[in-house]
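I'd like to ask some things about the structure below.
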Amino acid sequence: MGLSHLGIFHTIIGVVAIIAALVSLFRSARIDLGKLSGKIYFYFTLIASLTALGLSSVKGVNPGHILALFIVILIALAYYLHVGKPGNNRSRFFENFFLSLSFFLSLLPTVNETFTRVPVGHPLASGPTDPLIAKTLLTLFVLFIAGSILQFRNQRKINRLAANTLP
């Protein structure tokens, strides 16, 4: 596999972030920064994205670095909305979307790296252009779109209920 110490650390942190996101999505139908799984996702994604900046097979800035920085911006914006705009309001739509988009974008290099390295010696995919990677990413994109629509609808219901219970 040939991972550096930073690569191993990045991978472990990234896997924990993905598991935390999945737990939060299954429990709350969104990545909820108010719950432990959402907090783990936020902090571990932040660390994984920042450590990704130190990983590269080529010199200089590459698309992976830009993706990592974009993910940091998305989760920082979601955190700002969570802390700075509490309550069930329009900010939740953006918070939910930013976190879901950050999760989807995190899966792009994850799928590529996993499929081109595992199983060791006989990886599932030959490289980033392998059809298996493209099909997997397309499936994840469809799930992201469907999930975002469901989150939007759920949040709209929550917002309406909250507006109807105000004195």
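Just checking, does region 17-28 include any residue being closer than 17 Å to Ser148 by Cβ and exposed (fewer than 15 other Cβ atoms within 10 Å of the Cβ)?
Yes, that holds for at least one residue.
Which numbered condition in (1) out of contact with any helix residue (DSSP H, G or I) (no Cβ under 6 Å at 6 or more places or on another chain); (2) crowded, with 17+ Cβ neighbours inside 10 Å; (3) free of Cβ contacts under 8 Å to residues at least 40 places away in the same chain is the only one that Ile13 fails?
(1)
Name the pairs whose Cβ atoms lie under 6 Å apart, with the first residue in region 75-95 and at negative phi, the second outside any helix (DSSP H, G or I) and at pLDDT 95 or above, and 6 or more positions between them or separate chains?
Pairs found: His82/Leu33.
Determine whether Leu161 is in contact with a helix residue (DSSP H, G or I) (Cβ under 8 Å, 6 or more places away or on another chain), over 19 Å from Ile12 (Cα atoms), of a type outside the set (Lys, Arg) and assigned to a helix (DSSP H, G or I).
No: the conditions fail for Leu161.
Here's another thing I want to ask about it. Which numbered condition in (1) basic (Lys, Arg); (2) within 17 Å of the chain's Cα centre (by Cα); (3) part of a loop (DSSP other than H, G, I, E, B) is the only one that Lys39 fails?
(3)
On to the next question. I'd like to check something: does region 57-69 contain any residue that is in contact (Cβ under 8 Å) with a residue 40 or more places away in the chain and either assigned to a loop (DSSP other than H, G, I, E, B) or more than 24 Å from Lys157 (Cβ to Cβ) (or both)?
First, the residues of region 57-69 that are in contact (Cβ under 8 Å) with a residue 40 or more places away in the chain: 64, 67.
Retained after the next criterion (residues that are either assigned to a loop (DSSP other than H, G, I, E, B) or more than 24 Å from Lys157 (Cβ to Cβ) (or both)): 64, 67.
Yes: one or more hits.
Those residues that are surrounded by fewer than 16 Cβ atoms within 10 Å (Cβ to Cβ) and assigned to a helix (DSSP H, G or I), I need them from region 113-136; list them, please.
Of everything in region 113-136, those that are surrounded by fewer than 16 Cβ atoms within 10 Å (Cβ to Cβ) and assigned to a helix (DSSP H, G or I) turn out to be Pro131, Leu132, Ala134, Lys135.
Of the numbered conditions (1) in contact (Cβ under 8 Å) with a residue 60 or more places away in the chain; (2) more than 30 Å from Asn159 (Cβ to Cβ); (3) assigned to a helix (DSSP H, G or I), Ala48 fails exactly one; give the number of that condition.
(1)
Going through region 97-148 one residue at a time, which ones are without any contact (Cβ under 8 Å) to a residue 24 or more places away in the chain, among the aliphatic types (A, V, I, L, M) and in contact with a helix residue (DSSP H, G or I) (Cβ under 7 Å, 6 or more places away or on another chain)?
Once the filter is applied, which keeps residues that are without any contact (Cβ under 8 Å) to a residue 24 or more places away in the chain, among the aliphatic types (A, V, I, L, M) and in contact with a helix residue (DSSP H, G or I) (Cβ under 7 Å, 6 or more places away or on another chain), region 97-148 yields Leu124, Ala125, Leu132, Ile133.
The values are calculated or read from the model by the stated rules, or taken from the named source; none is laboratory data. Please read all numbers here as calculations on a predicted model, not as lab measurements. Glycine gets a Cβ as well: all are built from the backbone with ideal geometry, and neighbour counts include every protein chain shown.
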